[in-house]
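Let me begin by presenting the structure, written as structure tokens, before commenting on it.
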Amino acid sequence: MKQFLAFIRKEFRHVLRDKRTMLILLGMPVAQIILFGFAISTEIRNIDTALLVPEAGENIRRLSERFEASDYFSVVSLVSDEASIDGLFQRGEADLVIAFSPGFEESMYSPEGASIRLIADATNTNAASAMTMYASNIINDFVSEKISETGMPPVSGVQPNIRMLYNPQMRSAYTFVPGVMGLIIILICAMMTSVSIVREKETGTMELLLVSPVKPIVVIMAKIVPYFVVSMVNYLTILALSVWLLHLPISGSFWALTLLSVIYIVLSLALGQLISTIAKTQVSAMLMSGFMLLVPVLFFSELLFPVDSMPLVFRWFSDLIPARWYVIGVKKIMIEGLPMAYAAREFIILSVMAAVIMAVSLMRYKNRM
């Protein structure tokens with residue numbers, strides 16, 4: 001243990017002595033959170049949609065068929081009571097609920113008018129805006145056709161009543177903060193760890209360390225610990241800036257969010273180890289990290305683009321990107337305020353990924369040694 005602690009102290013001195021690296025490690029999260037004030041959104045398709053139909057009726061049936069026939073919506077369930085709505089969102093079974101008011105058929109031409117509520121998951125502000133806009137257009141087209149058919153416009157019309165869950169103010173911070181957390185953590189852990197180990201191999205000092213009386217696994221783990229600590233500092237920095245600067249609440253358990261982040265950090269460090277066993281120079285390690293991590297995380301973690309709108313092959317590929325599961329888990333715990341049990345899938349997937357990648361990277365080190 002004394003030898004292990006001595007190696008950790010040595011690695012901390014190496015990390016702290018490099019001022020440029022420390023500036024990148026600690027300054028990048030602050031700059032990203034402050035400057036990353038918008039996210040690119042694209043056309044959304046395959047929106048998981050639930051219909052709240054309190055009673056059967058011809059107009060309800062025809063309007064429901066419009067949504068089912070649309071390329072934008074995929075009707076996944078029909079419910080008949082209001083109490084089922086929250087469960088659909090909490091279980092991740094629906095992105096949008098279209099709720100018809102009781103007595104919809106009779107009230108279309110009454111003085112009070114009929115009402116349709118559009119209840120959307122607004123953890124992704126751009127997607128929620130697009131979803132409600134698409135649904136409103138379909139409803140308005142239906143009303144126009146009814147006027148043409150009957151020659152008599154509804155007294156009060158069919159007015160969509162939009163309700164945004166989890167992010168009623170439609171603030172973009174709710175969308176980009178989880179994505180930035182996933183991006184920054186994986187880049188710092190994987191990229192810096194891989195470069196640090198490859199630099200030791202380039203200069204020949206790694207061989208000196210490995211032939212020392214200390215076990216090779218102790219050397220490798222000691223080199224990882226400083227970046228784990230720096231990553232935890234970055235994680236806490238991002239949370240602090242999100243709460244105090246962006247006024248983003250931590251709606252769920254802080255400890256559940258921290259546990260999820262620790263698993264993700266360990267996974268990212270294991271990725272850095274794996275890259276360092278493949279790369280022979282620091283430049284190649286940086287290029288591999290950028291190609292293997294930066295681009296996939298940007299495109300397939302829902303930081304920039306909604307995954308559900310992509311072709312099936314790319315959706316399958318996105319399942320292999322750890323950042324996607326981390327971002328989903330952060331949204332569930334931090335934004336939606338759900339208990340840890342609702343993020344069990346994300347915890348399990350990230351834990352299995354971390355165990356597999358760590359085992360593979362350590363096996364490759366053992367073979368190389």
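At 7 Å along the Cα-to-beta-carbon direction for both Asp141 and Arg199, put a label point, then send me their distance in nm to one decimal.
Going by the 7 Å Cα→Cβ label model, 5.8 nm.
Just how large is the dipole of the range 320-369 about the Cα centre, in debye to the nearest 20, putting +1 at every Lys and Arg Cβ and -1 at every Asp and Glu Cβ?
Values: 7 positive and 2 negative charges, 56 e Å.
So the dipole magnitude of the range 320-369 works out to roughly 260 debye.
Subtracting the Cα-Cα distance from 0.36 nm times the residue separation, let me have the gained length for Leu304 to Val356 in nm, one decimal. Don't skip to the end; give the middle numbers.
Working: separation 52, 0.36 × 52 = 18.72 nm, distance 2.77 nm.
Difference between extended and current length: 15.9 nm.
Between Leu259 and His247, what is 0.36 nm times their sequence separation minus the Cα-Cα distance? Round to one decimal in nm. Before the final figure, lay out each step's value.
Details: separation 12, 0.36 × 12 = 4.32 nm, distance 2.24 nm.
Taking Leu259 through His247 to full extension adds about 2.1 nm, to one decimal.
Out of the total accessible area of the range 217-320 (probe 1.4 Å, heavy atoms of protein only), what percent is carbon and sulfur? Before the final figure, lay out the partial values.
Numbers: 3680 of 4440 Å².
Whole-percent figure for carbon plus sulfur exposure: 83.
Give, in nm to one decimal, the length gained when the segment between Leu287 and Val233 is fully stretched (0.36 nm per residue of separation minus the Cα-Cα distance).
Numbers: separation 54, 0.36 × 54 = 19.44 nm, distance 2.55 nm.
Separation in residues times 0.36 nm, less the Cα-Cα distance, equals 16.9 nm.
Assuming R0 = 41 Å, can you tell me the calculated FRET efficiency for the pair Arg345 and Ser148, based on Cβ-Cβ distance, to the nearest 0.05? Walk me through the numbers on the way to the answer.
Numbers: r = 47 Å, r/R0 = 1.15.
The value I calculate is 0.30.
The values are calculated or read from the model by the stated rules, or taken from the named source; none is laboratory data. All values derive from a computational prediction rather than experimental measurement. Glycine also receives a Cβ, built like all others from the backbone with ideal geometry; neighbour counts cover every protein chain displayed. Ligands, DNA and RNA are stripped out before the accessible areas are found, and what is left, the full protein with its side chains, is counted by its heavy atoms. Shrake-Rupley method; radii C 1.70, N 1.55, O 1.52, S 1.80 Å.
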